[in-house]
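One structure is given below, encoded as structure tokens.
Just so you know, all these numbers are worked out from the coordinates, no wet-lab data involved. Predicted model only: the values in this text are computed from it and were never measured. Counting neighbours? That spans all protein chains shown, and the Cβs are built from the backbone with ideal geometry, glycine included.
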Amino acid sequence: MQLEEIIAKLGLENSHLADGDLAVVSPINGAVIGRVNSSSARQIEKAIAAASLAFEQWRSVPAPKRGDVIRVFGDSLRKHKEPLGALVTLETGKIQQEGLGEVQEMIDICDFAVGLSRQLYGRVIASERFEHRMSETWHPIGPIGIISAFNFPVAVWCWNTALAVVCGNSVIWKPSEKTPITALACHKIFSEAMEQVGDIPGGLSQLIIGDAEIGAQLVADNRVPVISATGSTAMGREVGPVVAARFGRSILELGGNNAVIVTSSANLDMAVRAILFGAVGTAGQRCTSTRRLFAHEEIYDRLVQALKNAYRNIRIDNPIHENALVGPLINGQAFDTMQKALDKAAADGCDITGGERVLEDEYPDAYYVRPALVEVRTFEQTVQNETFAPILYIYPYRELQEAIRLHNDVPQGLSSAIFTNDIREAEQFTSSVGSDCGIANVNIGTSGAEIGGAFGGEKETGGGRESGSDAWKGYMRRATSTVNYSAELPLAQGIEFNL
Ligand code: UN1
């Protein structure tokens, strides 16, 4: 699908994409596909004020009614799945399957949130006092600031928005400056859903566009009690302290350094397929991408050989082409960072397969690379940083406990997996002394989580949880209420306080 057709199908106004100050470059060929307007400080101020006003009304709308707008939005996403998925491909360089998968992730979270709108359960707590009832209730909290990254330009916003809205909040979204067109499209589809449902405060969903400076204004604003930010650990280090200093709440989903352990009992065919999707899918630009592999020494040679064969057959191509498996990196800077990491690995004496630029003649202004396998010789070289590119560092190991120790010996803690047919190994890996990540899988790779689980991780990954399970509680405030329906006034802890 060409850009013009996508834009027409999504009902975007060409004039909004024609003459703004922010040039949007498609990583597919380096061409400018639109020029959008960055928001001014005044516009951001207005957006926050409008979201605050909308919140005042929205919080009193019964939650199942709030779910209506998300249900209509989800239906509309089903109708717009093809063009929106194609736009994700154009703006991020993801292959079509992944672009569509991202929209499906939006649809799934909408379904989840609609159900949730009737299940914002509190609890009743046994009171220690006679004829007293104690309860815990969840209330809307205020406008939610959402900062999202280029690599999941629509799904992560939707995780946050679908939950925030059924929880009774308004939202203010600052997408990556690399992907503002998908944001404009989502915002439009959401606004139409609001109109269709009717009687919804107009300021419920706000979009502000631009770079980190624009995000900084949102992050610092006292009227925004929750900031949900997805991106690099460096970004989280900027955002977290600012929100904490004003006693706001941040939900941080930051970098990963995700690993797979393959034990001697594993089904190697399954492991190879999962590692391939995890390490080269989305050109290694997911926060859940597989970056490290610990292979038991008994199967090390077989596994590495199978991976090398698989890597040789990866189709690196324009992601619009039906059979492409790996598209381009987001830009030249990502390419340089990848090359630097590979130079370091080479200097450390690792064996490197792949990693070079390809399709340069055809796409001189884009950065397609062959995914790299790096065989690491010593454990002292455990890579501590996340390089947002398709590099897989491979280590041999002998004892599972040692592999788990090395697995955890990095600053990040997002996603992890073990491939094993030994129940003891599987249980150990997922136990309290196993993987220290927010996601610990067995016989499934590190990326491609379902929306039903809480998504996020520990340590430098930021500790936040988004998406399923009880992540919704992060978008609400908790009230404990004790009601005395007796005619006495007994004090807790048995304290007597009589005149
Ligand atoms: C991200 O890269 O920020 O689990 C999100 C996954 C996707 C979400 C990734 N469902 O890979």
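Just from its helices, what would the mean residue ellipticity at 222 nm be for the chain, if runs of 4 or more DSSP H residues each count -39500 (n - 2.57) and the sum is divided by every residue, rounded to the nearest 500 deg cm²/dmol?
Value at 222 nm, helices only: -12000 deg cm²/dmol.
What does the charge count near residue 468 come to, summing +1 for each Lys or Arg and -1 for each Asp or Glu among other residues with Cβ under 10 Å from its Cβ?
Details: positive: 465; negative: 108, 450, 466, 470.
In short, -3.
Plugging the Kirkwood radius over Cα pairs into Stokes-Einstein for the range 383-499, at a temperature of 10 °C and a viscosity of 1.306 mPa s, what D comes out in µm²/s? Don't jump to the answer; show the numbers that get you there.
On the way: Rh = 18.0 Å.
For these conditions, the coefficient is 88 µm²/s.
Can you give me the C-alpha center-to-center distance between the range 273-298 and the range 13-37, rounded to a whole angstrom?
Cα centroid of the range 273-298 versus Cα centroid of the range 13-37: 33 Å apart.
If the cut-off is a Cα-Cα distance under 17 Å, which lysines reach residue 79, setting aside same-chain residues fewer than 8 apart in sequence?
Partners within reach: 9, 188.
For the range 231-262 and the range 141-214, what is the separation of their Cα centres, given in Å?
Cα centres, the range 231-262 to the range 141-214: 20 Å.
Using per-residue counts of other Cβ atoms within 10 Å, averaged over each peptide, order 403-415, 206-218, 2-14, 88-100 from highest down.
Values: 403-415: 21.5, 206-218: 19.2, 2-14: 14.7, 88-100: 25.5.
Sorting 403-415, 206-218, 2-14, 88-100 by mean packing, highest first, produces 88-100, 403-415, 206-218, 2-14.
Below 14 angstrom from the Cβ of residue 425, what's the summed charge of the other residues (Lys, Arg +1; Asp, Glu -1)? Please list the in-between numbers first.
Working: positive: 398, 424; negative: 298, 399, 402, 422, 427.
Here the count lands on -3.
Output needed for the range 92-194: three equivalent-ellipsoid semi-axes, defined as square roots of 5 times the C-alpha gyration tensor eigenvalues, in descending order, whole Å. Display every interim value, and only then the final one.
Working: eigenvalues 254, 39, 27 Å².
Rounded to whole Å, the semi-axes are 36, 14, 12.
Kirkwood Rh over alpha-carbon pairs of the chain, then Stokes-Einstein at 10 °C and 1.306 mPa s: what D in µm² s⁻¹, rounded to an integer?
Numbers: Rh = 24.0 Å.
In µm²/s, the coefficient is 66.
Treating only the Cβ of Lys, Arg, Asp and Glu as charged (+1, +1, -1, -1), what charge dipole size does the chain show about its Cα centre? Round to the nearest 20 debye. Walk me through the intermediate numbers first.
Numbers: 44 positive and 60 negative charges, 195 e Å.
Dipole of the chain, to the nearest 20 debye: 940 debye.
List the relative contact order of the range 256-414 as a percent without decimals, with contacts defined as Cα pairs under 8 Å and 6+ residues apart. Could the numbers behind the result be given before it?
Working: 273 pairs, mean separation 47.3, N = 159.
Contact order relative to length: 30 percent.
What net charge do the residues around residue 179 carry, taking every other residue with its C-beta under 12 Å from that of residue 179, with Lys and Arg at +1 and Asp and Glu at -1? Mind showing how you got there, number by number?
Numbers: positive: 94, 174, 178; negative: 91, 102, 177.
Once positives and negatives cancel, what remains is 0.
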